[in-house]
Amino acid sequence: MSKQPPAVTSRIPGFYREHVEQRLRAMIETGLLSEESVRHLQDGGRLTLEIADRMSENVIGVHGLPLSIALNFRVNNNDVLVPMAVEEPSVVAAASNAARQVRMTGGFFGEATAPIMTTQVQFDDVPDPREAKARVEAEQSLIFQIADEAIPGMVQRGGGCRDLDVRVLDEDDGVLVVHLYVDVGDAMGANVVDAVAEAVAPRICELTGGTVGLRILSNLPMRRRVRVRCDVSADALGGPDLADGIVKASRFAELDRFRAVTHNKGVMNGVDAVALAMGQDWRSIEAGAHAFASVTGTYKPLVVWTRTDSGVHGELDMPMAVGTVGGSTRVHRGVRAGFELMGVKNAGELAIVMGAAGMASNLAALRALAGEGIQRGHMRLHSRKQEVQENARLQAKKVERGGQ
């Protein structure tokens, strides 16, 4: 994790009680935001129709989400402000509270693998798939050369094709797929690896004797992973009974796929909220996460918690295809403000923070389940929404009466 200025802290007690203007002022006072980002946030973070029209298709307006800051995160010995875009207040509150508990024992620690994305080139009607497999493997160097020539800019920045494997999916029907593994640097990398697949397909087709099928990335990037771990004391969690309850709930997810799905949804509450705030392809991350949970043939939890002498120990392992360049990171002013606040310098650092946010969200959910139950905390925060709705209803009635 890149070091942030000493004055920046993610521990801001009472932040949620402050008026929104005071919270924004606290973010400005960190000195992390550019003047343009300050103006953007002071204007309510509004996305102009002009920018929205460049970002999407058939645009008729802009649909807003709250942009929040999850606090108390300490990741790889650095305090981190974690932007979240989510409509559910309990996601931000729960992650912040769990991060506070984790920071008492040092915070989160993690590492990301090299940014290796996977692309697939599929072939049908291959006459002899086993022989074709051997021919493709023998031509690996030439295939790499063709791949790299298709992405010269990425190669100049240190990326490029790193490995290849060939899988026979159906020998009788002659279905074969070639995987190419490409280092995409700080990009998410979808366009890069799609270009590689298109470029190498003709030569591989000659080698296999089949017909070219799909040429596209896989959203299960098994070689692009993030691993995050943390320890939490039983005292921070509220006592040994709660620590035991968290571990039992985690074990339940290991044993039962119905529970594991909801367990992992808790992880993705945090991951997706950060992904949306940071302009990432959260749909790709979701797809990869749930596919990864199933690679053993049985759906498993992405985070596992075990009991220690002093409390609990958690470990997260999941694919994380994210980028700090390209996509919305340049176009959307709010996304750029998010990067300024978070202070990450590359895609690996972003992946680790997102993994930590997922762990915190999962821990908070398990602690609630093991204690007061999930509904009580949800409803306490949900009442705030109802207040807003009631105020809006009363205001509308006032306006209606005034117009009569």
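Structural remarks
- Every residue from segment 112-146 that is of a type in the set (Gly, Ala, Ser) and closer than 26 Å to Asp172 by Cα: Ala132, Ala134, Ala138
- Of the listed requirements (1) in contact with a Pro (Cβ under 9 Å, 6 or more places away or on another chain); (2) touching a residue at least 60 places away in the same chain (Cβ under 8 Å), Gly31 misses just one: (2).
- Each residue in segment 141-162 was checked for being under 25 Å from the mean Cα position of the chain (by Cα) and surrounded by fewer than 17 Cβ atoms within 10 Å (Cβ to Cβ), and 3 pass.
- Selection count where residues are in a strand (DSSP E or B), within 27 Å of Arg257 (Cβ to Cβ) and touching a helix residue (DSSP H, G or I) at 6+ places or on another chain (Cβ under 7 Å), scope segment 301-336: 10
- You will find that of Val322, Val295, the residue that is touching a residue at least 60 places away in the same chain (Cβ under 8 Å) and farther than 30 Å from Arg54 by Cβ is Val295 and no other.
- Matching residues in segment 125-134 - criterion: being within 15 Å of Ala201 (Cβ to Cβ) and surrounded by fewer than 17 Cβ atoms within 10 Å (Cβ to Cβ): Asp125
- Picking from residues in segment 259-309 that are among the small types (Gly, Ala, Ser) and surrounded by fewer than 18 Cβ atoms within 10 Å (Cβ to Cβ), the one that is farthest from Leu220 (Cα to Cα) is Gly297.
- From the options Ala138, Ala99, Ala95, Ala114, residue that is in contact (Cβ under 8 Å) with a residue 40 or more places away in the chain and surrounded by fewer than 16 Cβ atoms within 10 Å (Cβ to Cβ): Ala114
- From Asp172, Asp194, residue being part of a helix (DSSP H, G or I), surrounded by fewer than 19 Cβ atoms within 10 Å (Cβ to Cβ) and modelled with pLDDT of 95 or more: Asp194
- Selection from segment 39-49 of residues that are of a type in the set (A, V, I, L, M) and either free of Cβ contacts under 8 Å to residues at least 24 places away in the same chain or not assigned by TED's automatic domain parsing to the domain that holds Ile69 (or both): Leu49
- Taking the listed residues Lys265, Lys248, the one that is closer than 24 Å to Gly348 by Cα, in a helix (DSSP H, G or I) and among the basic types (Lys, Arg) is Lys265, with no other qualifying.
- Number of positions in segment 84-101 that are over 30 Å from Ala187 (Cβ atoms) and hydrophobic (A, V, I, L, M, F, W, C): 3
- Verdict on Leu220 being in a strand (DSSP E or B) and surrounded by 15 or more Cβ atoms within 10 Å (Cβ to Cβ): no
- Residue that is within 29 Å of Gly106 (Cβ to Cβ) and either touching a Leu at 6+ places or on another chain (Cβ under 6 Å) or outside the structural domain of Glu50 (by TED's automatic domain parsing) (or both), where the choices are Gly343, Gly355, Gly338: Gly355
The values are calculated or read from the model by the stated rules, or taken from the named source; none is laboratory data. As the structure is a computational prediction, the values presented were derived from the model and not from experiment. A quick note on method: Cβ atoms are made from the backbone with ideal geometry, for glycine too, and the neighbour counts reach across all protein chains shown.
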